[in-house]
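Notes follow the structure.
The values are calculated or read from the model by the stated rules, or taken from the named source; none is laboratory data. From a predicted model like this one, the values you see are computed outputs, not experimental measurements. Cβ sites come from the backbone with ideal geometry, for glycine too, and all protein chains shown count toward neighbours. Surface accessibility is based on the protein's heavy atoms, side chains included, excluding ligands, DNA and RNA. Shrake-Rupley method; radii C 1.70, N 1.55, O 1.52, S 1.80 Å.
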Amino acid sequence: MSDRACVVVLQDDQILMVLQRYQGQDIWTFPGGGIKAGETAEEDAIREAKEEANICVEIVRLLCEIPREVKSGRYYCFLAEIVAGEVRLGNDPELPVSGQELQDIRWFPINNVRSHREVSLIWDQISQL
């Protein structure tokens with residue numbers, strides 16, 4: 001089982017995403033990652049936001065919990081607010097410097113990424129905010 005949690009951070013009609021190189025493909029995704037043993041989905045999402053985006057966040061609410069598409073396990077997506085820090089690309093502390101998967105971090109106008117696979121999962125909920 002491989003559960004994953006992520007955060008959706010919205011600001012001025014923009015959404016925060018990180019570019020991750022995964023299995024040879026570059027994928028824009030929400031800051032997040034695999035839930036470690038003894039960690040809740042919320043704790044993981046908060047930790048991953050700090051590691052990947054240099055921000056401390058507060059969870060506002062769960063946006064979705066669904067089966068993962070690629071691996072077995074659950075996918076948890078949380079709406080979060082920045083409470084400290086300045087957005088900048090972080091790192092994967094479990095990977096060596098030469099093997100980092102994180103490549104970029106960027107704010108996207110939300111309407112420009114509406115059809116993105118992950119954004120479309122939560123669109124109905126965030127479009128009402």
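Side notes on the structure shown:
- Whether the stretch 87-129 is rounded, prolate or oblate, judged on the alpha carbon gyration tensor where a/c under 1.5 counts as rounded: prolate
- Long-range amide H partners of G90 with built H, under 5 Å: A53, N54
- Net charge of Cβ neighbours under 14 Å - reference R88; Lys, Arg +1; Asp, Glu -1: -2
- GNM on the chain, alpha-carbon springs under 10 angstrom: the most fluctuating residue among A37, A45, A80 is A37.
- Most fluctuating residue given options I82, I110, I66, as computed from a GNM of the chain linking Cα atoms under 10 Å: I66
- Gaussian network model of the chain, springs between alpha carbon atoms under 10 Å - residue of Q103, Q23, Q14 with greatest fluctuation: Q23
- Three-way shape call for the chain based on the alpha-carbon gyration tensor, with the a/c threshold at 1.5: rounded
- Only protein atoms count toward the accessible area here, which uses a 1.4 Å probe; on the chain, the carbon and sulfur part of that area reaches 46 percent.
- Of the trypsin sites (Lys or Arg not before Pro) found in the stretch 55-119, those in coil by DSSP whose Cβ has at most 16 other Cβ atoms within 10 Å are R68, K71, R88, R114.
- Per residue, the stretch 45-129 exposes an accessible area of 59 Å² to a 1.4 Å probe, with every protein chain left in place.
- When the GluC sites (Glu not before Pro) in the stretch 58-129 are filtered for DSSP coil states and for at most 13 other beta-carbon atoms within 10 Å of their beta-carbon, the remaining sites are E69, E86, E94.
- Global form of the stretch 5-55, assessed from the alpha-carbon gyration tensor, a/c cut-off 1.5: oblate
- Centre-to-centre, using Cα atoms only, the stretch 1-24 and the stretch 40-97 are separated by 7 Å.
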